Amino acid sequence: MKAKSLFYILFLISFFASAQDNTCACCTEKHSEFDFWVGTWEVTNPNGTKAGHNVLIKVEDNCVLRENWTSATPGYTGTSNSFYNSKTNQWEQVWVDNQGQSLHLKGNKVGNQMILRTDDEKNAGGKIFYHQVTWTDNADGTVWQKWETFTEGQDVVVAFDGLYKPKD
């Protein structure tokens, strides 16, 4: 009986000791660089028309920034998970939409901008291209997102240009 009681006491001590040492692995300055995008947003196009709305929350003990996008164009939604990869010392985002399209972006914060891009690919014509998405943390509390496609020997194409305003 004494051995069993001693076992339970040691078990409880080790359980509470480990619970006290529950540090947040993703509560670093690097892991919070993209927190300016956390929130519920109304998004407008450059001409002021509604582009959609977006909800961004931190999940997985602050390790992942999860996005849920709903376009003003009926039937188009998408989601992304953004995270700081401490192995590669860069941010990554994996985007998937309800049309079966996906993007895997990588990069870092520079000043007040998070700049992420895809790896280089070749299009059907054999030209190298990549996508780059830049989020700008504006002083007025808004966020500007610009998605550009760069193709060898061609002008830059803007795929998306939206201003995020906090939803009341």
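Students sometimes get this wrong: rank Ser32, Ser71 by accessible area, probe 1.4 Å, all chains present, largest first. Display every interim value, and only then the final one.
Working: Ser32 50, Ser71 25 Å².
Accessible-area ranking of Ser32, Ser71, largest first: Ser32, Ser71.
Across bins of 5 angstrom width beginning at 0, how are the C-alpha pair distances of the chain distributed, in whole percent?
For the chain, the pair-distance distribution reads 2, 7, 13, 18, 17, 12, 8, 5, 4, 3, 3, 3, 2, 1, 1, 0, 0.
Mind ranking 57-69, 153-165 by how tightly packed they are, going by the mean number of other C-beta atoms within 10 angstrom, highest first?
Values: 57-69: 15.5, 153-165: 13.8.
Highest-to-lowest ranking by the protection proxy: 57-69, 153-165.
For region 104-150, what value does the Rg/Rh ratio take when both radii are computed over Cα atoms and Rh is the Kirkwood radius, given to two decimals? Provide the component values of the computation, followed by the final result.
Numbers: Rg = 12.9 Å, Rh = 11.7 Å.
With Rg and the Kirkwood Rh in hand, the quotient comes to 1.11.
Using amide H atoms built 1.01 Å from N in the peptide plane, name the residues 5+ places from Tyr76, or on other chains, whose amide H lies under 5 Å from its own.
The answer is Ser71.
Roughly what % of Cα-Cα distances in region 70-168 sit above 23 Å, to the whole percent? Spell out each step's value before the answer.
Working: 1567 of 4851 pairs.
The share of Cα pairs beyond 23 Å in region 70-168 comes to 32 percent.
Rounded to two decimal places and with Rh computed the Kirkwood way over Cα pairs, what is Rg over Rh for region 46-119?
Details: Rg = 13.6 Å, Rh = 13.6 Å.
My calculation puts Rg/Rh at 1.00.
Give the whole-number value, in cubic angstrom per residue, of the convex hull volume spanned by the C-alpha atoms of region 32-81. Please report the intermediate quantities before stating the final value.
Values: hull volume 3.7 nm³, N = 50.
Once divided by residue count, the hull of region 32-81 is 73 Å³.
Between Gln99 and Asp155, how high is the FRET efficiency from 1/(1 + (r/R0)^6) when r is the Cβ-Cβ distance and R₀ = 22 Å? Nearest 0.05. Numbers along the way, then the final one.
Working: r = 25 Å, r/R0 = 1.14.
That pair, Gln99 with Asp155, gives E of 0.30.
Amide H of Glu33 versus every other amide H placed in the peptide plane: which residues, excluding those fewer than 5 positions away on the same chain, fall under 5 Å?
Residues meeting the criterion, in which the H sits 1.01 Å from N, do not exist here.
The values are calculated or read from the model by the stated rules, or taken from the named source; none is laboratory data. Note that the structure is predicted; figures quoted are calculated from it, not measured. No Cβ is skipped: glycine too gets one built from the backbone with ideal geometry, and neighbour counts run over all protein chains shown. We work out accessible area using only protein heavy atoms, side chains counted, and drop any ligands, DNA or RNA first. Shrake-Rupley method; radii C 1.70, N 1.55, O 1.52, S 1.80 Å.
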